[in-house]
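Take a look at the structure below.
Quick note: the coordinates plus some simple rules give every number you see, no bench work behind them. These figures come from a predicted structure and were not determined experimentally. When we count neighbours, we look across all protein chains shown, and the Cβ atoms used for this are built from the backbone with ideal geometry, even at glycine.
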Amino acid sequence: MIKISKEDYNKIIKQAKEEFPLECCGLLAGIKTEDEIFIKKTYPLTNIDQSSEHFSMDPKEQFAAVKQMRADGYVLVGNYHSHPYTPSRPSEEDKRLAYDGNMLYGILSLKDQQPILNFFRIIDNQLIEKLEWLFA
């Protein structure tokens, strides 16, 4: 089970709406137990590819964010990005860009003006499962 604070959920939504119609992206930091992942903080990043077709996170920002999350006492649990015009499911490119199978991959869709956030686990470029989540 994934747990995310309402504050961090709202931060992801706010970033996506500010970036709209471009895609936004960021890292998810938190605490992992055997059965649960608690998303404790989001680290919004710059989409350095300003097209509406895909995203590319700034590597320097990624490194700084991971360094800061470790200083904050958290571990990297995954990443997220928004799909302004498509459903909240990973594309083939998303699967290639996803972290290893121990990480979450969050997709936010703003397609129908009602934000939909889904979390997935992706292993070896294959969608393994959609994960259930709730507010912490």
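In this structure, the pairs whose alpha-carbon distance is over 18 Å, taken from Lys14/Lys111; Lys6/Lys130; Lys17/Lys130; Lys11/Lys67, are Lys6/Lys130; Lys17/Lys130; Lys11/Lys67. Model label sites at Ile123 and Glu92, defined 7 Å from Cα along the beta-carbon direction, differ in position by 2.3 nm. With a Förster radius of 25 Å applied to the beta-carbon distance between Ile48 and Lys111, the computed FRET efficiency rounds to 0.60.
Summing charges over all other residues whose Cβ lies under 9 Å from the Cβ of Phe119, with Lys and Arg as +1 and Asp and Glu as -1, gives +1. Highest-first packing order for the peptide set 75-85, 7-17, 61-71 is 75-85, 7-17, 61-71, based on the mean count of other beta carbon atoms within 10 Å. Simple spin-label estimate for Lys14 and Leu134 gives 2.6 nm between the two label positions (7 Å along the Cα-to-Cβ direction from each Cα).
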